[in-house]
1. Sort out which residues of the range A:29-38 are within 10 Å of chain B (Cβ to nearest Cβ) and either farther than 21 Å from B:Thr218 by Cβ or acidic (Asp, Glu) (or both), and write them in order of number.
2. Is it true that B:Ala270 is touching a residue at least 12 places away in the same chain (Cβ under 8 Å), touching an Asp or Glu at 6+ places or on another chain (Cβ under 7 Å) and more than 14 Å from chain A (Cβ to nearest Cβ)?
3. Can you pull out the residues in the range B:344-378 that are of a type in the set (D, E, K, R) and more than 28 Å from B:Val5 (Cβ to Cβ)?
4. Checking B:Ile246 against (1) among the hydrophobic types (A, V, I, L, M, F, W, C); (2) more than 30 Å from B:Ala367 (Cα to Cα); (3) in contact with a Phe, Trp or Tyr (Cβ under 8 Å, 6 or more places away or on another chain); (4) within 14 Å of chain A (Cβ to nearest Cβ), which test does it fail?
5. Just to be sure I understand the filter: pairs with C-beta atoms under 8 Å, separated by 6 or more residues or on different chains, first member in the range B:207-220 and in contact (Cβ under 8 Å) with a residue 24 or more places away in the chain and within 10 Å of chain A (Cβ to nearest Cβ), second member outside any loop (DSSP other than H, G, I, E, B) and of a type in the set (Phe, Trp, Tyr). Which pairs pass?
6. I'd like the full set of residues that are part of a loop (DSSP other than H, G, I, E, B) and buried (at least 22 other Cβ atoms within 10 Å of the Cβ), limited to the range B:124-152.
7. Please find, among A:Ile42, A:Ile51, the residue that is within 16 Å of A:Val8 (Cβ to Cβ), at pLDDT 90 or above and within 14 Å of another protein chain (Cβ to nearest Cβ).
Amino acid sequence: MSIEEQVVAIIADQAMLDPSDVTPDSTLSDLAIDSIGLVESIFVIEERFDIAVPFNANDPNADGFDISSVASIVAAVTKLKTEQDK
Amino acid sequence: MRRVVITGAGTINSIGADVPQTLAAMREGRCGIDKLDIQDVDRLSIQIGGQIKGYDETAHFDRQQLSLYDRFTQFALLSARQAITQSGLTFVGELADRSGVILGTSGGGLNTQEENYRAVFEAGKNRVHPFIVPKLMHNAAVSQVSMEWNLHGPSFTVSTACASSNHAMGQAFHMIRCGMATAMVTGGSEAMLCFGGIKAWESLRVMSQDACRPFSATRDGMVQGEGAAVFVFEDYEHACARGADILCEVAGFAMSADAADVLMPSKHGATRAITGALKDAQLPLDAVGYINAHGTGTAANDKTECAAVVEVFGAHADKLLMSSTKSMHGHIIGGTGAVELLACIMALREGVIAPTIGYEAHDPECAIDVVPNVARDADVDVTLSNAFAFGGLNAVLALRKF
């Protein structure tokens with residue numbers, strides 16, 4: 001599976017939806033994922049891709065991990081994976 | 001119903017090894033949060049805490065005692081010694097039978113658990129010390145205090161995460177008020193600054209990497225601390241009859257459950273606990289001069305707590321003072337309400353309000369006078385101490401000047 005497919009699967013699992021219901025422009029709020037659900041998804045992403053995601057729930061936008069949509073999360077994970085595999 | 005007063009106080013925490021040192025630090029706005037000195041700290045993303053530095057357990061306890069005393073028990077015993085000595089009480093005969101110990105803790109003997117899991121899992125040992133169980137159990141501190149001071153009355157441990165010590169002190173208050181006990185040794189203790197204790201918290205992504213800045217627009221999370229505070233609560237008539245120095249009166253207490261979310265705080269739950277404590281104390285809203293806030297420094301707690309205070313107090317919210325001393329000693333989890341009660345007692349007895357340090361910028365969602373950075377003189381007759389725990393369990397105490 002591609003990074004995108006895997007991230008979508010993780011988010012869909014958190015949202016208790018079918019992956020086909022999660023589109024690139026879906027926002028977390030569209031999917032009813034709150035900040036705690038997001039923290040859990042980030043944990044799964046870190047474990048799956050063996051990366052460290054900088055994220056503080058008190059200030060979700062501070063660390064450059066863009067959570068504004070599914071597409072932005074996929075892009076951020078792809079970037080972190082590339083950087084941290086070096 | 002009997003009136004309940006406080007006749008002794010003791011503490012050890014990152015800003016003081018006793019009450020006078022702690023109150024001096026609160027007056028000066030001194031910060032006890034610093035780089036952690038613990039095993040495997042390099043594997044943590046959160047590397048700061050309100051750790052008690054320069055602490056030597058062998059200076060206070062002998063080898064046999066240390067085989068039974070986890071760090072959280074040690075902090076409770078040291079605090080209880082100060083409090084009971086100050087009270088002047090000697091527990092013998094009927095007084096011993098009618099006096100007990102109720103302490104809060106969230107993690108109990110967490111350091112003992114960690115050390116021994118390391119021994120069996122990491123080092124592959126197949127043998128551990130025979131006293132691990134009595135050392136790590138949550139009631140170890142209560143039991144050791146009862147034994148050291150001959151307290152034979154009702155004694156148990158309360159564990160409600162960050163509200164543990166407020167719930168504990170509430171029970172002690174109720175027991176004296178209803179005549180079940182004459183004096184109670186009560187408060188809370190926590191020693192969670194070990195690798196596992198911090199690893200679990202950092203995974204929640206609610207911790208700050210550099211400072212605890214409650215109510216500031218720039219706040220970015222909580223910082224853990226460690227320590228204990230213990231008080232002697234006493235039947236007012238008993239304290240008067242023996243001419244005791246009364247620190248203040250415990251006027252009311254209330255509890256509530258959010259019954260909503262295990263992590264996100266609820267304004268409604270906090271509101272009911274604050275209102276309930278004042279109703280229990282039969283005090284009007286405008287009697288309150290100071291609130292020691294739960295004030296964790298997280299985005300969610302601080303705005304929810306301020307919204308609750310505004311809802312309860314209405315126009316009076318603009319007149320009262322509220323601060324979070326967690327900015328100095330960190331969040332002492334199951335012992336935090338006890339350590340914070342010291343700030344309430346200082347406000348009542350000395351007319352000094354402990355500041356919220358680390359405050360950098362106004363947050364419109366926290367539009368209450370939080371005594372930023374510098375302590376303030378204020379004549380205060382009634383104080384509240386808030387504690388709102390994960391799990392949505394809330395406990396608020398009301399104290400009155402004596």
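The values are calculated or read from the model by the stated rules, or taken from the named source; none is laboratory data. Quick caveat, the model's predicted, so the values are computed rather than measured. As a convention, Cβ positions derive from the backbone with ideal geometry for all residues, glycine included, and neighbour counts pool all protein chains shown.
1. Hits for the range A:29-38 are A:Asp34, A:Ile36, A:Leu38.
2. Here the answer is yes, as B:Ala270 does meet what is asked.
3. B:Glu360, B:Asp363, B:Glu365, B:Asp369
4. Just one mismatch for B:Ile246, condition (4).
5. Filtered contacts from the range B:207-220: B:Met207/B:Trp201.
6. B:Leu151
7. Every option except A:Ile42 fails the conditions.
To keep it simple, each residue is scored yes or no on (1) assigned to a helix (DSSP H, G or I); (2) touching a residue at least 40 places away in the same chain (Cβ under 8 Å); (3) exposed (fewer than 12 other Cβ atoms within 10 Å of the Cβ).
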| position | (1), (2), (3) |
| --- | --- |
| B:Gly49 | no, yes, no |
| B:Phe61 | no, no, no |
| B:Tyr69 | no, yes, no |
| B:Ala76 | yes, yes, no |
| B:Gln82 | yes, yes, no |
| B:Gln86 | yes, yes, no |
